[in-house]
Amino acid sequence: MPGTRFDHIAIGVRALTDAAPVLAGVLGGVPDQGRPSGGFRWGTWRYANGGSLEAIEPLGADGFLHRFLAQRGPGIHHVTFKVVSIEAACARARARGYEIVGRDDSDPCWKEAFLHPRQALGIVVQLAEAHPYPAPPPSEPPPGAAGAPPALAVLGLRLSARSRERAHAQWGAVLEGELERERARELVYRWGDSPMRVSVEVDPARAEGPLAIEVAGARTPALPPGSHPALGTVFVYRSA
């Protein structure tokens, strides 16, 4: 049976229309799926290697995403891992001292729980046990971009951690990532057939959290050298 899978990286934005010019127009992502979900709307774009980026925009007058944007502005909000059993995944997390928040088993086709960024190395981690819907809900894919270039590959997410032990407890022990490569201050984790990876820079003096989304391809995208002003996210290009 397949194990835990790194599913997507999510970026909090004020409007999905802010994300499309970058995720589709620059990176070449193909609009995939989307729909409203409570106090937010989500949309995903698919990339050359099968990687997936999601943007989430707030709906209504108040909610977690309104607070996130008010406090921090647009930026990387969470990563989602699909697990075989939400119960087993939560048990692994609790066994290593993590508090489970937002556990919701009300939908038998999408059971979810979260690790809070205060404990989870500066990023929200969504755990999801997903099963096919008997009648899939209607999808509302996000916007594309006229004349979008060929899709790049999304290699994954680069983050920081204060120690190897903290990184491995989360990405290895709780989320069952395979340590593909280890250097003096870098750990790289992969998950089975998932096209994306998590790369961790170990630095005891640095704040923990996401650093950049890494992309690759045969063409060099027009990206700013630092954080993208509309998405609050750094994109790092690696040549193919």
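Among the numbered criteria (1) farther than 23 Å from residue 56 by Cα; (2) in contact with a helix residue (DSSP H, G or I) (Cβ under 7 Å, 6 or more places away or on another chain); (3) buried (at least 19 other Cβ atoms within 10 Å of the Cβ); (4) aliphatic (A, V, I, L, M), which one does residue 179 miss?
(3)
When you scan segment 145-178, how many residues do you find that are aliphatic (A, V, I, L, M), closer than 22 Å to residue 128 by Cα and in a strand (DSSP E or B)?
Of the residues in segment 145-178, the ones aliphatic (A, V, I, L, M) are 145-146, 148, 151-155, 157, 159, 161, 167, 169, 173-175.
Narrowing further to those that are closer than 22 Å to residue 128 by Cα: 154-155, 157, 159, 167, 169, 173-175.
Cutting the leftovers down to in a strand (DSSP E or B) gives us 154-155, 157, 159.
Of the residues in that region, 4 qualify.
For residue 101, state whether it is farther than 24 Å from residue 25 by Cβ, aliphatic (A, V, I, L, M) and either touching a residue at least 12 places away in the same chain (Cβ under 8 Å) or not in a strand (DSSP E or B) (or both). Before you say what the answer is, go through the steps one by one.
On the way: farther than 24 Å from residue 25 by Cβ: yes; aliphatic (A, V, I, L, M): yes; either touching a residue at least 12 places away in the same chain (Cβ under 8 Å) or not in a strand (DSSP E or B) (or both): yes.
Yes.
Looking at segment 208-218, is at least one residue farther than 30 Å from residue 106 by Cα and at pLDDT below 95?
yes
Only one of these is more than 20 Å from the chain's Cα centre (by Cα), free of Cβ contacts under 8 Å to residues at least 24 places away in the same chain and not assigned by TED's automatic domain parsing to the domain that holds residue 81: 136, 204. Name it. Please lay out each step first, then the result.
Values: 204 fails: free of Cβ contacts under 8 Å to residues at least 24 places away in the same chain.
Only one candidate qualifies: 136.
For the subset of segment 91-113 comprising residues that are surrounded by fewer than 20 Cβ atoms within 10 Å (Cβ to Cβ) and among the hydrophobic types (A, V, I, L, M, F, W, C), which member is nearest to residue 169 (Cα to Cα)?
Going through the qualifying residues, I end up with 95.
State all residues of segment 33-80 that are of a type in the set (Phe, Trp, Tyr) and in a strand (DSSP E or B); if no residue qualifies, say none. Show your work before the answer.
Going residue by residue through segment 33-80, those that are of a type in the set (Phe, Trp, Tyr) are 40, 42, 45, 47, 64, 68.
Residues satisfying the conditions are 40, 42, 45.
From 142, 221, grab the single residue that is assigned to a loop (DSSP other than H, G, I, E, B), in contact with a Pro (Cβ under 6 Å, 6 or more places away or on another chain), of a type outside the set (Asp, Glu) and touching a residue at least 24 places away in the same chain (Cβ under 8 Å).
Working: 221 fails: in contact with a Pro (Cβ under 6 Å, 6 or more places away or on another chain).
Selected residue: 142, the only one of 142, 221 that is assigned to a loop (DSSP other than H, G, I, E, B), in contact with a Pro (Cβ under 6 Å, 6 or more places away or on another chain), of a type outside the set (Asp, Glu) and touching a residue at least 24 places away in the same chain (Cβ under 8 Å).
The values are calculated or read from the model by the stated rules, or taken from the named source; none is laboratory data. The model shown is predicted, which means the values in this text are computed figures rather than measured ones. Here Cβ is always computed from backbone atoms with ideal geometry, including for glycine, and neighbour counts include all displayed protein chains.
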